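The values are calculated or read from the model by the stated rules, or taken from the named source; none is laboratory data. The shown structure was predicted, so the numbers you read here are calculated from the model rather than taken from an experiment. Backbone-built Cβ (ideal geometry, glycine too); neighbour counts: all protein chains shown.
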Amino acid sequence: MFNLAALRSVPTYRLIGLPLRPDDFQEFKLLYQDPLAMGYLGGPRDETFCYLQLTNQLRGWKANGCGTWVFRERVGSRFVGICGLFAMRYLGVREISFGYMLMPKYWHRGLATEMARAVLGVAFGQYRIASVIADIPHHNWASRRLAVRLGFHYERNGTLHSHPHVLYRATRYS
């Protein structure tokens, strides 16, 4: 779908994002096993789930040329979280979905905004994607506020795995 040869780091003021690699498994697992980080996504996951999730996301890079970037602090290289673009079918339509997760100790510092702006910059700039969706759990008010701050607009209510979600969309020109 996108030019894999064009993959590069995604820098922000305080962070550097690199495409997900198999070597990122331990930190990836820490994120998916953290009860706070997974609070809106069904709770902590076991090691098998984490491995399958990492494998699927690595496959996404190969199949679609987009996926998860692992973000670390520029100074110290400490793992902060993940942010990415995912090719998917939503209500029967091929879409590019946007998502992010941070380790809780990095919440409320503006780092989600930095990661998101950098990844969306790749989506709309380098990849020239026309629109990106964000499917957010209905009660995740922090992510809903961030989506609006990033230029996403409410599109519709829905459900995902029997839980209420809200669909937002951003376009290259929003």
Residue check for ARG94: surrounded by fewer than 17 Cβ atoms within 10 Å (Cβ to Cβ), assigned to a strand (DSSP E or B) and of a type outside the set (A, V, I, L, M, F, W, C) | yes
Identify the single condition in (1) exposed (fewer than 15 other Cβ atoms within 10 Å of the Cβ); (2) in contact with a strand residue (DSSP E or B) (Cβ under 7 Å, 6 or more places away or on another chain); (3) at pLDDT 90 or above that VAL10 does not satisfy, given that it satisfies every other one.
-> (1)
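Every residue, every condition in (1) over 13 Å from MET101 (Cβ atoms); (2) of a type outside the set (D, E, K, R), yes or no:
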residue: ILE16; (1), (2): yes, yes
residue: PRO22; (1), (2): yes, yes
residue: GLN26; (1), (2): yes, yes
residue: LEU31; (1), (2): no, yes
residue: PRO44; (1), (2): no, yes
residue: CYS50; (1), (2): no, yes
residue: LYS62; (1), (2): yes, no
Among the candidates GLY76, GLY81, single out the residue that is out of contact with any helix residue (DSSP H, G or I) (no Cβ under 8 Å at 6 or more places or on another chain) and either within 24 Å of TYR168 (Cβ to Cβ) or not hydroxyl-bearing (Ser, Thr, Tyr) (or both).
-> GLY76
When residues of segment 125-139 are filtered for being surrounded by 14 or more Cβ atoms within 10 Å (Cβ to Cβ) and either among the charged types (D, E, K, R) or within 19 Å of GLU114 (Cα to Cα) (or both), how many remain?
-> 7
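Each row is one residue, and each column tells you yes or no for (1) within 24 Å of TYR13 (Cα to Cα); (2) buried (at least 16 other Cβ atoms within 10 Å of the Cβ); (3) free of Cβ contacts under 8 Å to residues at least 12 places away in the same chain.
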| residue | (1), (2), (3) |
| --- | --- |
| GLN33 | no, yes, no |
| ALA37 | yes, yes, no |
| THR48 | no, no, yes |
| GLN57 | no, yes, no |
| THR68 | yes, yes, no |
| GLY76 | yes, no, yes |
| PHE79 | yes, yes, no |
| TYR90 | no, no, no |
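Residues checked against (1) free of Cβ contacts under 8 Å to residues at least 60 places away in the same chain; (2) within 26 Å of ARG14 (Cα to Cα); (3) in contact with a strand residue (DSSP E or B) (Cβ under 7 Å, 6 or more places away or on another chain):
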{"site": "ALA116", "(1), (2), (3)": "yes, yes, yes"}
{"site": "VAL119", "(1), (2), (3)": "no, yes, yes"}
{"site": "ALA123", "(1), (2), (3)": "yes, yes, yes"}
{"site": "ILE129", "(1), (2), (3)": "yes, yes, yes"}
{"site": "HIS138", "(1), (2), (3)": "yes, no, yes"}
{"site": "ALA142", "(1), (2), (3)": "yes, yes, no"}
{"site": "ARG149", "(1), (2), (3)": "yes, yes, no"}
{"site": "ASN157", "(1), (2), (3)": "yes, no, yes"}
{"site": "VAL166", "(1), (2), (3)": "yes, no, yes"}
Of (1) modelled with pLDDT of 95 or more; (2) closer than 22 Å to TYR168 by Cα; (3) of a type in the set (Ser, Thr, Tyr), TYR90 fails just (1)
Residues in segment 32-66 that are modelled with pLDDT of 90 or more and outside any helix (DSSP H, G or I) total 6
Check segment 155-172 and report whether any residue there is farther than 22 Å from ALA37 by Cα and among the aromatic types (Phe, Trp, Tyr).
-> no
Per-region count, segment 97-136, residues outside any helix (DSSP H, G or I) and within 12 Å of the chain's Cα centre (by Cα) = 11
